[in-house]
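The values are calculated or read from the model by the stated rules, or taken from the named source; none is laboratory data. It should be emphasised that the depicted structure is a prediction, and the values quoted were computed from it without experimental measurement. Every residue, glycine as well, gets a Cβ built from its backbone with ideal geometry; the counts of neighbours run over all protein chains shown.
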Amino acid sequence: MTAVAADLHPLDNPAWASLTGPHARFAEGTGLALRYPPDVSPFMAVPPIPDGAPIPVEVWDAVAELAGPGQVVALSGTPEAFEKLPAGWDFAMRGEGVQLVATDAFDTDVDLGTEIIELGAADVPDMLALIARTQPGPFLPRTYQLGTYLGIRREGTLIAMAGERLHPPGWTEISAVCTDAPYRGQGLATTLVRAIGRGIRERGETPMMHAAAVNTRAIGLYESLGFALRRRTAFVGLRTPE
């Protein structure tokens, strides 16, 4: 394969760095295309390619073979990587995102208290229900296996949660940050993000996050907590050839 730059920063291709690193146990595929199991995460990944370089045709072929015909695959990268698709490929969705990394200003000194609980297999139905109500992004029945997930219940109902998703070496993504509408404005998301971040730092790693570029409210919250913009990226859903 040509145009591969294996020495790029792991956050330039976090899904690939995760699936070839700490999340290798989840990896399905080949040296040209990897994915998480479909009930864990929708993300697929291709090897690191320099910014501005096209994705080689053999990589597209590997992605199509791994996904199967007529399937939608989730990929991320620079916008230039998706400017010209091979014949038979189509966009199912496309959007711009931002990647944020924790700075020294990110304060993880939070009182976990008795209200925050660790979520597991028994909580999956409630986690999926909360995701459906709040729409923070992809979350599937086995997503919780990617890392630690914490939540808050009120009167038995799960009303807020956050957890760990992508795991490039030395970094962990904070994801699935959501709060039920009636409970917003109480600082629950802030508390959970700090609690998850504390666990990440205790492992000697650095927290990072992704957000849709249009979600300025969430970006503003994360920046106020001590996260800073690292780079902009494209998130796409691509339909493989029939």
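Per-structure values
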item	result
Filtered residue count, the stretch 169-189, keeping only those that are modelled with pLDDT under 95 and polar (S, T, N, Q)	1
Residue within the stretch 131-139 that is in the same structural domain as residue 163 (by TED's automatic domain parsing), in contact with a Pro (Cβ under 7 Å, 6 or more places away or on another chain) and closer than 26 Å to residue 234 by Cβ present	yes
Any hit, the stretch 116-127, residues being touching a residue at least 60 places away in the same chain (Cβ under 8 Å), part of a loop (DSSP other than H, G, I, E, B) and in contact with a strand residue (DSSP E or B) (Cβ under 7 Å, 6 or more places away or on another chain)	no
Residue list for the stretch 92-108, filter: more than 11 Å from residue 230 (Cβ to Cβ) and hydroxyl-bearing (Ser, Thr, Tyr)	108
Whichever residue in the stretch 145-163 is surrounded by fewer than 23 Cβ atoms within 10 Å (Cβ to Cβ) and more than 16 Å from residue 115 (Cβ to Cβ) and, among such residues, is nearest to the chain's Cα centre (by Cα)	147
Tabulated pairs, the stretch 61-89, first under 13 Å from residue 34 (Cβ atoms) and in contact (Cβ under 8 Å) with a residue 12 or more places away in the chain, second surrounded by fewer than 16 Cβ atoms within 10 Å (Cβ to Cβ) and hydroxyl-bearing (Ser, Thr, Tyr), C-beta under 6 angstrom, 6+ apart or interchain	62/30
Residue, nearest to residue 239 (Cα to Cα), within the stretch 99-130, restricted to residues that are at pLDDT 95 or above and small (Gly, Ala, Ser)	129
Of all residues making up the stretch 164-197, the number that are surrounded by fewer than 17 Cβ atoms within 10 Å (Cβ to Cβ) and among the basic types (Lys, Arg)	1
Residue 81 in a helix (DSSP H, G or I) and within 14 Å of residue 166 (Cα to Cα)	no
Residue that is farthest from residue 10 (Cα to Cα), among those in the stretch 173-219 that are part of a helix (DSSP H, G or I) and without any contact (Cβ under 8 Å) to a residue 24 or more places away in the chain	182
Of residues in the stretch 48-63 being within 21 Å of residue 95 (Cα to Cα) and either at pLDDT 95 or above or of a type outside the set (Val, Ile, Thr) (or both), the one surrounded by the most Cβ atoms within 10 Å (Cβ to Cβ)	63
Index of the failed condition, residue 23 passing every other in (1) buried (at least 18 other Cβ atoms within 10 Å of the Cβ); (2) over 17 Å from residue 146 (Cβ atoms); (3) out of contact with any Phe, Trp or Tyr (no Cβ under 7 Å at 6 or more places or on another chain)	(2)
Residue check for residue 96: assigned to a helix (DSSP H, G or I), at pLDDT 90 or above and surrounded by fewer than 19 Cβ atoms within 10 Å (Cβ to Cβ)	no
Residue list for the stretch 19-65, filter: in contact with a strand residue (DSSP E or B) (Cβ under 8 Å, 6 or more places away or on another chain), within 18 Å of residue 231 (Cβ to Cβ) and not aliphatic (A, V, I, L, M)	43
